[in-house]
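The values are calculated or read from the model by the stated rules, or taken from the named source; none is laboratory data. Here the structure is a predicted model, which means the values were calculated and not measured. Cβ: placed from backbone, ideal geometry, glycine included. Neighbour counts: every protein chain shown. These area figures cover heavy atoms from the full protein model, side chains too; ligands, DNA and RNA do not enter into them. Shrake-Rupley method; radii C 1.70, N 1.55, O 1.52, S 1.80 Å.
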Amino acid sequence: MSESSAISRVALKEITPDVSAAMGSLHAAAVSAAQDAKLEPELLELVRIRASQINGCAFCLDLHTRDARGQGETEQRLHTLAAWRETPFFTERERAALALTEAVTLVHDGRVPDAVYAEAAEVFDENQIAALIWAATVINAYNRIAISTRMVPKS
């Protein structure tokens, strides 16, 4: 165990239950918006996994890869998701969603480029783009919560 992981971290749900509940409500609203926009649950899991890969969130990676497998996602696609641009395994819609997710996740690194947004707008309508941005935003927030409080994946 590293020195930094030996420090006890705050239990956010216990210390700030109202804020934790609000985060849960935000997540539920984002899921509802995605359903209303007719975004595939499998696509949303790819979004959550890719953002979690970029952020290095072991807890969320474990959770969402299990969820993706439960929805029929293949091991091959999960194993190559980090290199999705170099594989033939992802559809045009998935590629556009992954590019948008990466831009939102790495917003500090050049914002969301017009080319990335335009690519998404070619295959998604405005409601779907909004839902994708919310999905990426929510998982990024959850990644930061899990990482800063050192949440551990289930064994």
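Can you tell me which condition residue 88 does not meet? The list is (1) part of a loop (DSSP other than H, G, I, E, B); (2) farther than 19 Å from residue 125 by Cα; (3) open to solvent by less than 60 Å² (accessible area, probe 1.4 Å), and all the others hold.
Result: residue 88 passes all but (3).
Being β-branched (Val, Ile, Thr) and either over 18 Å from the mean Cα position of the chain (by Cα) or open to solvent by 70 Å² or more (accessible area, probe 1.4 Å) (or both) is the filter here; which residues of the range 103-146 pass it?
So in the range 103-146, the residues β-branched (Val, Ile, Thr) come out as 104-105, 107, 112, 116, 123, 129, 133, 137-139, 145.
Those that are β-branched (Val, Ile, Thr) and either over 18 Å from the mean Cα position of the chain (by Cα) or open to solvent by 70 Å² or more (accessible area, probe 1.4 Å) (or both): 107, 123.
If you take the residues in the range 22-58 that are β-branched (Val, Ile, Thr) and in contact with a Ser or Thr (Cβ under 7 Å, 6 or more places away or on another chain), which one is most open to solvent (accessible area, probe 1.4 Å)?
If we filter the range 22-58 for residues that are β-branched (Val, Ile, Thr), which is where we start, we get 31, 47, 49, 54.
Subsequent filtering for residues that are in contact with a Ser or Thr (Cβ under 7 Å, 6 or more places away or on another chain) retains 47, 49, 54.
On the way: 47: 0, 49: 2, 54: 50 Å².
Taking the candidates together, the pick is 54.
Report, by residue number, each residue of the range 59-85 that is hydroxyl-bearing (Ser, Thr, Tyr) and crowded, with 20+ Cβ neighbours inside 10 Å. Reasoning before the result, please.
Taking the range 59-85 first, the residues hydroxyl-bearing (Ser, Thr, Tyr) are 65, 74, 80.
Within the range 59-85, just 65 meets the criteria.
Do we find that residue 14 is of a type in the set (Asp, Glu) and either crowded, with 20+ Cβ neighbours inside 10 Å or more than 17 Å from residue 98 (Cα to Cα) (or both) in this structure? Quick ask: steps written out before the conclusion?
Numbers: of a type in the set (Asp, Glu): yes; either crowded, with 20+ Cβ neighbours inside 10 Å or more than 17 Å from residue 98 (Cα to Cα) (or both): yes.
Against the criterion (of a type in the set (Asp, Glu) and either crowded, with 20+ Cβ neighbours inside 10 Å or more than 17 Å from residue 98 (Cα to Cα) (or both)), residue 14 qualifies.
Does the range 6-27 include one or more residues that are out of contact with any Pro (no Cβ under 8 Å at 6 or more places or on another chain) and within 12 Å of residue 135 (Cβ to Cβ)? Let's see the steps before the verdict.
Going residue by residue through the range 6-27, those that are out of contact with any Pro (no Cβ under 8 Å at 6 or more places or on another chain) are 6-27.
Narrowing the set further to residues that are within 12 Å of residue 135 (Cβ to Cβ) leaves 26-27.
Yes, that holds for at least one residue.
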